[in-house]
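To start, the structure itself, in structure tokens.
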Amino acid sequence: MRKLRKSGRPGRLLKRVRQRPVKSITILPSLVTILNGTFGFAAIVYASMPAATDELSSPFIATAAALIFCGMLADMLDGQLARMSQSTSSFGGQLDSLCDIITFGVAPAFLMLKVVTHKLDDVDLANESLISRFVWLAALTYVSCAMIRLARFNVENEEASADHKTFVGLPSPSAAGVIASLVLLQEKMLPGSQWVPYLLPFLAIAVAFLMVSRIRYPHVVNYFLGKKPFSYLLKILMGIGLVILLDLVRALALLFCGFAFWSFATTLYQRALNHRLFRGAASEQSLDPTAPPPELAEQSPH
């Protein structure tokens, strides 16, 4: 002990501890990310409020769906703020995923559950155990796949993701947009319709599996950033014209459903086309034994 005191080693160790750098975070992007989670929590609160009447249409349900879209705006803004300030970090990525699971995982599933169960109560089917279990299964499937999707994104993507143009699997905000836009369409434009509540559980399961699929979806925000050809401006103007023509609520439902299922349809078509071409090349190979195999024919310089 005396030798240690004379050598001054404890003092040097304490000095090293004091001089250890403290990890810092960027305040503004983190606050916007937390705002995203706050919108999701508020959407759950509004969706849980009882309706004033026995009708399906409720201002609370419409507000809950609108709050999910507010969370999407905050989710897009926080990433852009972090990249503009060059302050992307692992902390920001983890915080973003935690808020996303509230706004784009739990909130849409709970919203779908409330709308469907309210409709089942209206037609005296809420006591049917098989139907109720299926609706709960759809909500649980959606939440589980959203958690898997966000965890896989954190593992497979680096912090500096400003340059990636595609996502593997349907992004969770887009999946939430499918459900929220249809609920908003039901509440604002089609209050007397019957098909939207019955369709929601099937759509929730469909977009849940699309989230954990390996289908590639374009990164919409990065797709339009930077210098682009003139055709990109035309696409934006066409989107604005669609909103003016169809109304904002109808346009949101069309855009989100189209985005979710268009890539799925094109992927299936491309795989079927490749399979057909491969079979055609294989049949030609069987007719001409001297021809090289299809995979070698593609590499041939002739």
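The values are calculated or read from the model by the stated rules, or taken from the named source; none is laboratory data. As the structure is a prediction and not an experimental result, all values here were calculated from the model. Don't worry about glycine lacking a Cβ; one is built from the backbone with ideal geometry, like all the others, and counts go over all protein chains shown.
Taking first residues from the stretch 245-274 that are under 25 Å from residue 186 (Cα atoms) and partners that are assigned to a helix (DSSP H, G or I) and among the β-branched types (Val, Ile, Thr), the Cβ contacts under 8 Å between residues at least 6 apart in sequence or on separate chains come to 251/243; 256/178; 257/178; 259/220; 260/178; 260/207.
Residue pairs whose Cβ atoms lie under 6 Å apart, separated by 6 or more positions or on different chains, with the first residue in the stretch 63-84 and over 19 Å from residue 188 (Cβ atoms) and the second outside any helix (DSSP H, G or I), are 82/88; 83/162. If you go through the stretch 141-180 and pick out every residue that is under 23 Å from residue 214 (Cβ atoms), at pLDDT 80 or above, not charged (D, E, K, R) and not in a loop (DSSP other than H, G, I, E, B), you end up with 23.
Based on what the data block shows, is residue 44 out of contact with any Lys or Arg (no Cβ under 9 Å at 6 or more places or on another chain) and at pLDDT 80 or above? Considered against the rule, which asks whether it is out of contact with any Lys or Arg (no Cβ under 9 Å at 6 or more places or on another chain) and at pLDDT 80 or above, residue 44 comes out as yes. For the stretch 103-140, what are the residues that are modelled with pLDDT of 90 or more and surrounded by fewer than 18 Cβ atoms within 10 Å (Cβ to Cβ)? Correct list: 134, 136, 137, 140.
Checking each residue in the stretch 71-123 for being closer than 22 Å to residue 175 by Cβ and polar (S, T, N, Q) picks out 80, 94, 97, 103, 117. When the stretch 100-120 is filtered for residues that are aromatic (Phe, Trp, Tyr) and farther than 13 Å from residue 39 by Cβ, only 110 remains.
Among the conditions (1) at pLDDT 85 or above; (2) exposed (fewer than 13 other Cβ atoms within 10 Å of the Cβ), the only one that residue 84 does not satisfy is (1). Of the residues making up the stretch 197-243, those that are modelled with pLDDT of 75 or more and hydroxyl-bearing (Ser, Thr, Tyr) are 198, 213, 217.
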